[in-house]
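*Asks:* Below are the structure tokens for one structure; questions will follow.
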Amino acid sequence: MISKASFTFLRKLEKNNNREWFNTNKETYKKHQEELKVFAEEVKKELSRKDIIEKAKVYRIYRDVRFSKDKTPYKTHFSMSFVRGGQALRGGYFLRLQSNNS
């Protein structure tokens, strides 16, 4: 399960989307990231009941701002993908978790 504290962290990050704040709260982020990895494995296990899932990937929180007008350095959501196994099975699944209380 994803804790309410993870969504609280995302709301705080949205209000303080800068490197100084993030570096101060990096240990908290790492704790939530580990929680997210466990959640991704649980989702993978459940998806595997109906489909062949090769792997789960949790995306990084750092944004690529090179070509973006929005230069905020961090994403304000968590996201993950699930790759279907084998060459015959194309596509996959994508999950995005975001706080709705900005």
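The values are calculated or read from the model by the stated rules, or taken from the named source; none is laboratory data. Predicted model only: the values in this text are computed from it and were never measured. A quick note on method: Cβ atoms are made from the backbone with ideal geometry, for glycine too, and the neighbour counts reach across all protein chains shown. Ligands, DNA and RNA are excluded from the accessible area calculation, which covers all protein heavy atoms including side chains. Shrake-Rupley method; radii C 1.70, N 1.55, O 1.52, S 1.80 Å.
Quick grid of which residues meet (1) open to solvent by less than 50 Å² (accessible area, probe 1.4 Å); (2) of a type in the set (A, V, I, L, M); (3) assigned to a helix (DSSP H, G or I):
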{"residue": "Glu20", "(1), (2), (3)": "no, no, yes"}
{"residue": "Leu36", "(1), (2), (3)": "yes, yes, yes"}
{"residue": "Ala40", "(1), (2), (3)": "yes, yes, yes"}
{"residue": "Asp51", "(1), (2), (3)": "yes, no, no"}
{"residue": "Lys57", "(1), (2), (3)": "no, no, no"}
{"residue": "Lys69", "(1), (2), (3)": "no, no, no"}
{"residue": "Ser81", "(1), (2), (3)": "yes, no, no"}
{"residue": "Arg90", "(1), (2), (3)": "no, no, no"}
{"residue": "Phe94", "(1), (2), (3)": "no, no, no"}
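*Asks:* Still on this structure, I have one more. Going by what's in this entry, would Lys45 be described as assigned to a loop (DSSP other than H, G, I, E, B), out of contact with any His (no Cβ under 6 Å at 6 or more places or on another chain) and either without any contact (Cβ under 8 Å) to a residue 40 or more places away in the chain or over 19 Å from Ser3 (Cβ atoms) (or both)? Outline the logic, then answer.
*Replies:* Values: assigned to a loop (DSSP other than H, G, I, E, B): no; out of contact with any His (no Cβ under 6 Å at 6 or more places or on another chain): yes; either without any contact (Cβ under 8 Å) to a residue 40 or more places away in the chain or over 19 Å from Ser3 (Cβ atoms) (or both): yes.
Here the answer is no, as Lys45 does not meet what is asked.
*Asks:* Scan Tyr62, Tyr29, Tyr74 and give me the residue that is among the aromatic types (Phe, Trp, Tyr) and either open to solvent by 100 Å² or more (accessible area, probe 1.4 Å) or under 19 Å from Met1 (Cα atoms) (or both). Even if it seems obvious, please write down each step before you answer.
*Replies:* Values: Tyr62 fails: either open to solvent by 100 Å² or more (accessible area, probe 1.4 Å) or under 19 Å from Met1 (Cα atoms) (or both); Tyr74 fails: either open to solvent by 100 Å² or more (accessible area, probe 1.4 Å) or under 19 Å from Met1 (Cα atoms) (or both).
When all the criteria are applied, what remains is Tyr29.
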